[in-house]
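Here the structure comes first, spelled out in structure tokens, and everything after it is commentary.
What follows draws every value from the coordinates through simple rules; no lab data is involved. Note that the structure is predicted; figures quoted are calculated from it, not measured. Note that we place each Cβ from the backbone using ideal geometry, even for glycine, and neighbour counts take in every protein chain shown.
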Ligand code: NAD
Ligand code: WQD
């Protein structure tokens, strides 16, 4: 059957990156079919997506480990591709609950690939992470650098799924497997209607900083100022979530015209220190953000940022938004959050 649909399965579609990607998919003529078990997102994101896009969006509250549910969704919608965001992503939590992370991230991905194969869906785009790069490497990281010497179970689940995809692609030359290694996604859609909304106390810098700026949390702890970096604080590659989402649409366009395994870094290619981010966020929110220097966080590296030449040359993707845009859009979302959608 020739598929006339432009249906794209989006697992984890109500999550932070999935929801922003849903907007970009619709803007580019695709029809996202969202699957999410709401383990780290809220159903009202769907209403907000409908408001932003003016479209009714198909959503299934399902776990990707429910193969029967996946099977019926694929049978009904005959997707062209799958963009696979669904996953648990908290590094510290993964150390305490490794079996939960392997079940969710690895077994879930394997079940998804099984169902794709059963329905002859050839294209998969996977949310991987810069965490897969060996911990002893120095930036800028290129896609050719070694992976797998990872310091935590979360990163190992990402590495394992990457290796699974490569091994499966080696058995079927018609498959198109795209691995996107994200660095540090931050920011929010310009509408202020969707953004990063982690449940509980945030682990990551910008959502934590945002809660201090809004008064929800008292003070930001800066994990160490004795690294060999521009000002002693940790340097990371922050990428606006909308730039990241647009990268997925470009990867999808490419995936539908190609086969084999393609791996790309999605980052800004620039590194900013904690203090630089703090300064930009204070400009965005117009307040001084209380903070204190504490000891290093176990497992942290001094600096991480991407070499993005490969994605620029092969896909023509490049970030368009800078650190101030990221902080301003994040702050607008924080101010609007909780308002009626
Ligand atoms: P998120 O938690 O906001 O989104 C993930 C979504 O997947 C959530 O809505 C959650 O409810 C859903 N989900 C989780 N397990 C599921 C399951 N078994 N079945 C169905 N739905 C499930 O996270 P995010 O920041 O949007 O990240 C999306 C993906 O990108 C994740 O795989 C994450 O590991 C990866 N990633 C994120 C970052 C980052 O800093 N945000 C960096 C690198 C990679
Ligand atoms: C950024 C910088 C901290 C919080 C993590 C995961 C990675 C990926 C992205 C999923 C570091 C400092 C942070 C705070 C701080 N997620 N910091 N005070 O660690 O680069 O990457 O998120 O794939 O896998 O490891 O991001 O935002 O936690 O930290 O000083 O309260 O901010 O030390 O230098 P990280 P982060």
Notebook entry, point to check: Kirkwood-based Rg over Rh for the chain (C-alpha set), two decimals?
Noted result: 0.95
Next item on the list: Report Rg(Cα)/(2.2 N^0.38 Å) for the range 1-116, keeping two decimals.
Entry: 1.06
Next item on the list: Arrange the peptides 206-214, 78-86, 133-141 so that the one whose residues have, on average, the most other Cβ atoms within 10 Å appears first.
Entry: 78-86, 206-214, 133-141
Notebook entry, point to check: Counting only the backbone N, which residues of the range 222-257 are under 13 Å from the spot 7 Å out from the Cα of residue 28 toward its beta-carbon?
Noted result: 242-257
Margin query: Viscosity 1.567 mPa s, temperature 4 °C: what is the translational diffusion coefficient of the range 1-68 from Stokes-Einstein with a Kirkwood Rh over Cα pairs, rounded to a whole number of µm²/s?
Written below: 106 µm²/s
Note to self: Based on alpha-carbon centroids, what's the gap between the range 111-173 and the range 203-258 in Å, whole number please?
What the structure shows: 21 Å
Next item on the list: Take peptides 28-41, 262-275 and line them up by average Cβ neighbours within 10 Å, highest first, as a rough protection proxy.
Entry: 262-275, 28-41
Checklist line | the range 73-103 versus the range 269-324: alpha-carbon centroid distance in Å | finding: 26 Å
Checklist line | Kirkwood Rh, angstrom, the range 201-256 [1 / mean 1/r, Cα pairs] | finding: 14.0 Å
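Place the peptides 223-231, 6-14 in order of packing, highest mean first, counting for every residue the other Cβ atoms within 10 Å and averaging per peptide.
The densest-packed peptide leads the list: 6-14, 223-231.
If R0 is 30 Å, what FRET efficiency do you get for residue 261 and residue 99 from their C-beta distance, rounded to 0.05?
Result of the calculation: an efficiency of 0.60.
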Checklist line | Stokes-Einstein diffusion coefficient of the range 202-331, Kirkwood radius over Cα pairs, 10 °C, 1.306 mPa s, in µm²/s | finding: 99 µm²/s
Margin query: Please compute the contact order of the chain in relative form: average sequence separation of alpha-carbon pairs under 8 Å and at least six residues apart, divided by the residue count, as a percent.
Written below: 19 percent
Next item on the list: Rounded to the nearest 0.05, what FRET efficiency do residue 78 and residue 283 give with R0 = 45 Å and r taken as the Cβ-Cβ distance? Could you check?
Entry: 0.40
Next item on the list: Project the alpha carbons of the range 112-188 onto their principal axes and report the range along each, largest first, in whole Å.
Entry: 40, 32, 22
Next item on the list: Starting from the Cα of residue 69, step 7 Å along the direction of its Cβ; do the same at residue 44; then give the gap between the two resulting points in nm.
Entry: 2.2 nm
Next item on the list: Mind grabbing the base-10 log of I(q)/I(0) for the range 153-233 at q = 0.22 Å⁻¹? Debye formula, identical points on the C-alpha positions, no solvent, two decimal places.
Entry: -1.10
Checklist line | Residue-averaged [θ]222 nm for the chain, counting only DSSP H segments that reach four residues, each worth -39500 (n - 2.57) | finding: -11500 deg cm²/dmol
Notebook entry, point to check: In the chain, what % of DSSP beta bridges are antiparallel (nearest 5)?
Noted result: 5 percent
Item checked: Fully extended contour minus Cα-Cα distance, from residue 5 to residue 320, at 0.36 nm per residue -> 110.4 nm
